[in-house]
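Remarks on the structure that follows.
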Ligand SMILES: [Zn+2]
């Protein structure tokens, strides 16, 4: 992988990277402290890709952009790559402001809509179940439940989405962008490839430094998200070494094929650790977290860790290596077949 020689824009600064492609960055109040947003210039106006977290900072950034560098530009639509709050958070606000089409995929919409419509009590019940199944000790579970942040605190009421599918084409002034959709970090994530110019808007699926978290599917415990992601990684290698990759976190890079290989090895390594352990004894999600992470996971990282560990276990079950059973306390245990 090779970092491109493009300076990262300041928060809210609009940076031109191609004649018809712009990039800005917003701040996030998390350990991952920023998100990248992109803009495609089309013959009908500017197409916004992702919207930022619902926050005072995002408001300030959008107001600065819309009253500043974008004040003379027509906004013609927005594409939301996936349902996570740092991408979908401001979509409803933007649509209200511009009354333009907002595009996402069916499963990303379904997940966002479901999370947004849940009451605090339903939310708490859902996560109680997630933590219980993982085998989390009671004290920790209660602390985690107290700290659980509601999706709706970070995401505006959804826009009226136009649902798109893989293969959809967006034309920009100088390019033709083909949508691909994949499962892994989220259920039906959008990324876009301009094959002729070898430009790839990767969303959260191909990041230069972070291994994209493979999230938990709260609503379908058998969904093999890691299997989906491994399929994606094997397929995306075809972009080769020359394609310029623009991810939603960190910096643009080349040699995305090598990065995909690294990520495959990373997950295979984790799968092997779990396989070895399972040869000895049955394990649950909390045991797996201790095994696959080389650092101690604090409560603030626990949601991600549970999703990640569970995705690996579900994958081993789905390829026939392991089977699972639920004990009387509702904890799920995995063992070698
Ligand atoms: Zn994400």
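The values are calculated or read from the model by the stated rules, or taken from the named source; none is laboratory data. If you're wondering where the values come from, they're calculated on a predicted model, not measured in any experiment. With ideal geometry, Cβ positions are generated from the backbone for all residues, glycine too; neighbour counts draw on all protein chains shown.
Just to check your reading of the model, which residue among 210, 190 is within 13 Å of the ligand (Cβ to nearest atom), more than 11 Å from the chain's Cα centre (by Cα) and in contact (Cβ under 8 Å) with a residue 60 or more places away in the chain?
On the way: 190 fails: more than 11 Å from the chain's Cα centre (by Cα).
Sole residue among the options that is within 13 Å of the ligand (Cβ to nearest atom), more than 11 Å from the chain's Cα centre (by Cα) and in contact (Cβ under 8 Å) with a residue 60 or more places away in the chain: 210.
Inside the range 213-251, can you point out the residues that are under 28 Å from residue 8 (Cβ atoms) and assigned to a loop (DSSP other than H, G, I, E, B)?
Quick first cut of the range 213-251, residues under 28 Å from residue 8 (Cβ atoms) only: 213-215, 229, 232-233, 236-251.
213, 214, 215, 240, 241, 242, 243, 248, 249, 250, 251, listed by residue number.
Looking only at the range 152-182, which residues are within 16 Å of the ligand (Cβ to nearest atom) and surrounded by 21 or more Cβ atoms within 10 Å (Cβ to Cβ)?
Correct list: 155, 181, 182.
Can you find, within the range 77-99, the residue that is farthest from residue 117 (Cα to Cα) among those that are touching a helix residue (DSSP H, G or I) at 6+ places or on another chain (Cβ under 7 Å) and away from the ligand (no atom under 14 Å from the Cβ)? Reasoning before the result, please.
Residues of the range 77-99 that are touching a helix residue (DSSP H, G or I) at 6+ places or on another chain (Cβ under 7 Å), as a first pass: 78, 80-83, 85, 88-90.
Pick out the ones that are also away from the ligand (no atom under 14 Å from the Cβ) and you get 78, 90.
Values: 78: 22, 90: 17 Å.
Among residues in the range 77-99 that are touching a helix residue (DSSP H, G or I) at 6+ places or on another chain (Cβ under 7 Å) and away from the ligand (no atom under 14 Å from the Cβ), the one farthest from residue 117 (Cα to Cα) is 78.
So residue 324 fits all but one of (1) loosely packed, with under 15 Cβ neighbours inside 10 Å; (2) modelled with pLDDT of 95 or more; (3) more than 20 Å from the chain's Cα centre (by Cα); what number is the exception?
Going through (1) loosely packed, with under 15 Cβ neighbours inside 10 Å; (2) modelled with pLDDT of 95 or more; (3) more than 20 Å from the chain's Cα centre (by Cα) one by one, residue 324 breaks only (1).
Restricting to the range 285-337, give me the number of residues that are touching a helix residue (DSSP H, G or I) at 6+ places or on another chain (Cβ under 8 Å), over 25 Å from residue 146 (Cα atoms) and in a helix (DSSP H, G or I).
Total satisfying the criteria: 8.
Of (1) more than 19 Å from the chain's Cα centre (by Cα); (2) within 16 Å of the ligand (Cβ to nearest atom), residue 276 satisfies all except one. Which?
Among (1) more than 19 Å from the chain's Cα centre (by Cα); (2) within 16 Å of the ligand (Cβ to nearest atom), the lone unmet condition for residue 276 is (2).
Touching a residue at least 24 places away in the same chain (Cβ under 8 Å) and away from the ligand (no atom under 16 Å from the Cβ), is that true of residue 230? Break it down into steps so the answer makes sense when it comes.
Working: touching a residue at least 24 places away in the same chain (Cβ under 8 Å): yes; away from the ligand (no atom under 16 Å from the Cβ): yes.
Against the criterion (touching a residue at least 24 places away in the same chain (Cβ under 8 Å) and away from the ligand (no atom under 16 Å from the Cβ)), residue 230 qualifies.
Identify the single condition in (1) closer than 20 Å to residue 224 by Cβ; (2) out of contact with any helix residue (DSSP H, G or I) (no Cβ under 8 Å at 6 or more places or on another chain) that residue 280 does not satisfy, given that it satisfies every other one.
Answer for residue 280: the failing condition is (1).
Condition test on residue 218, is it in contact (Cβ under 8 Å) with a residue 24 or more places away in the chain and within 14 Å of residue 200 (Cα to Cα)?
Working: in contact (Cβ under 8 Å) with a residue 24 or more places away in the chain: yes; within 14 Å of residue 200 (Cα to Cα): no.
No: the conditions fail for residue 218.
Could you grab me the full set of residues in the range 58-74 that are over 24 Å from the mean Cα position of the chain (by Cα) and either within 14 Å of the ligand (Cβ to nearest atom) or surrounded by 19 or more Cβ atoms within 10 Å (Cβ to Cβ) (or both)?
Residue satisfying the conditions is 65 alone.
Please determine, by comparing only the residues of the range 100-109 that are within 16 Å of the ligand (Cβ to nearest atom) and over 12 Å from the mean Cα position of the chain (by Cα), which one is surrounded by the most Cβ atoms within 10 Å (Cβ to Cβ). Talk me through it step by step, then tell me what you get.
In the first step, residues of the range 100-109 are kept if they are within 16 Å of the ligand (Cβ to nearest atom); the result is 104-105, 107-109.
Subset that is over 12 Å from the mean Cα position of the chain (by Cα): 104-105, 107, 109.
Details: 104: 28, 105: 26, 107: 20, 109: 22.
Of everything passing the filter in the range 100-109, 104 is surrounded by the most Cβ atoms within 10 Å (Cβ to Cβ).
Only one of 201, 138 is without any contact (Cβ under 8 Å) to a residue 60 or more places away in the chain and either more than 23 Å from residue 20 (Cα to Cα) or in contact with a strand residue (DSSP E or B) (Cβ under 7 Å, 6 or more places away or on another chain) (or both); which? Full working, then the answer.
Details: 201 fails: without any contact (Cβ under 8 Å) to a residue 60 or more places away in the chain.
Testing whether each residue is without any contact (Cβ under 8 Å) to a residue 60 or more places away in the chain and either more than 23 Å from residue 20 (Cα to Cα) or in contact with a strand residue (DSSP E or B) (Cβ under 7 Å, 6 or more places away or on another chain) (or both) leaves just 138.
When residue 47 is evaluated against the numbered criteria (1) within 16 Å of the ligand (Cβ to nearest atom); (2) out of contact with any helix residue (DSSP H, G or I) (no Cβ under 8 Å at 6 or more places or on another chain); (3) in a strand (DSSP E or B), which criterion, by number, is the only one it fails?
Going through the list (1) within 16 Å of the ligand (Cβ to nearest atom); (2) out of contact with any helix residue (DSSP H, G or I) (no Cβ under 8 Å at 6 or more places or on another chain); (3) in a strand (DSSP E or B), residue 47 breaks only (1).
For the range 50-65: of the residues being part of a loop (DSSP other than H, G, I, E, B) and without any contact (Cβ under 8 Å) to a residue 60 or more places away in the chain, which is nearest to residue 151 (Cα to Cα)?
The initial filter retains those residues of the range 50-65 that are part of a loop (DSSP other than H, G, I, E, B), namely 50-55.
Of the ones still in play, those that are also without any contact (Cβ under 8 Å) to a residue 60 or more places away in the chain are 51-52.
Working: 51: 15, 52: 14 Å.
Once the filter is applied, the top-ranked residue is 52.
Of everything in the range 195-205, what is closer than 20 Å to residue 50 by Cα and more than 12 Å from the ligand (Cβ to nearest atom)? Give them in sequence order.
Residues of the range 195-205 closer than 20 Å to residue 50 by Cα: 199-205.
Scanning the range 195-205 gives 199, 200, 201.
Just wondering, is there one or more residues in the range 20-27 that are over 22 Å from residue 249 (Cα atoms) and away from the ligand (no atom under 16 Å from the Cβ)? It would help to see each step written out before you state the result.
Just the residues of the range 20-27 that are over 22 Å from residue 249 (Cα atoms), to begin with: none.
Scanning the range 20-27 turns up no residue that is over 22 Å from residue 249 (Cα atoms) and away from the ligand (no atom under 16 Å from the Cβ).
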